[in-house]
Amino acid sequence: MLQTGKIIKEFTSKSGKQITIRYPRWEDLDGMLKNINALARENTFIAVSEEKTKEEEMDFLCDTLKKMEKNDEVFLVVESEGKLVGSTGVTRETAHARSRHVGDIGIVVLKEFRGDGIGQEMLLTILEQAKNVLNLTLVQLTVFGVNDVAKSLYSKLGFIHAGTIPGALLYKEQFIDHDMMYKKL
């Protein structure tokens, strides 16, 4: 049974910030909207390139909570001093019965909270949730080919490069590579 707002992990970042990783709740909607729009404006390494409306983010949160209830997704929000600073999730592959053991991972961290060990703790936590809550045996993710910091972190945590689609992403008016990585749990 989904426990909205349940705290999964608390830790101190490298710079001394108190960080909480937990399940989302409806009260997170405005913070989630603020974060995704800040990331879209930054034009960072995420698929979202345009700001979202409150209705779109409400649909996203509703869909996420439904998938969590069905045990097809784990989504975590990350906060510091009451402010949402990132999120991560793993979604079970549900299109075919033969791939229900596989999950897709996503992660975002606000710019001012990067490089502080938060992303690594987020990934370690979502990997635990993928294995222990969703009972997945394999996770995969995609990463912008030019995002060396993320690729380095993923490799450090045991992800293996599976392939590259050259020029698959349009980023800052240039076609760049899209890399795929996976990890057995």
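The values are calculated or read from the model by the stated rules, or taken from the named source; none is laboratory data. Quick caveat: nothing in here was measured; it's all calculated off a predicted structure. Heads up, the Cβs are rebuilt from the backbone with ideal geometry, glycines too, and the neighbour counts pull from every protein chain shown.
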Q: Could you please tell me which pairs satisfy a Cβ distance under 8 Å, a separation of 6+ or placement on different chains, a first residue in the range 1-30 that is at negative phi, and a second residue that is of a type in the set (Lys, Arg) and assigned to a loop (DSSP other than H, G, I, E, B)?
A: Thr4/Arg25; Arg22/Lys6; Tyr23/Lys6
(Q) Restricting to the range 92-128, name every residue that is outside any helix (DSSP H, G or I) and within 22 Å of Ala40 (Cα to Cα). (A) Asp104, Ile105, Gly106, Ile107, Val108, Val109, Leu110, Arg114, Gly115, Asp116
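Are any of the residues in the range 117-132 over 16 Å from the mean Cα position of the chain (by Cα), free of Cβ contacts under 8 Å to residues at least 40 places away in the same chain and at positive phi? Before you say what the answer is, go through the steps one by one.
Taking the range 117-132 and keeping what is over 16 Å from the mean Cα position of the chain (by Cα), we get 132.
Now drop any that are not free of Cβ contacts under 8 Å to residues at least 40 places away in the same chain, which leaves 132.
Adding the requirement that they be at positive phi leaves none.
No: zero hits.
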Q: Among residues belonging to the range 1-50 that are at pLDDT 95 or above and among the hydroxyl-bearing types (Ser, Thr, Tyr), point out the one that is farthest from Val90 (Cα to Cα).
A: Ser15
Q. Just to be sure, is Val143 of a type in the set (Val, Ile, Thr) and touching a residue at least 60 places away in the same chain (Cβ under 8 Å)?
A. yes
Q. Taking the range 137-153 as the search range and keeping residues that are under 22 Å from Lys111 (Cβ atoms) and in contact with a His (Cβ under 9 Å, 6 or more places away or on another chain), which one is surrounded by the most Cβ atoms within 10 Å (Cβ to Cβ)?
A. Val143
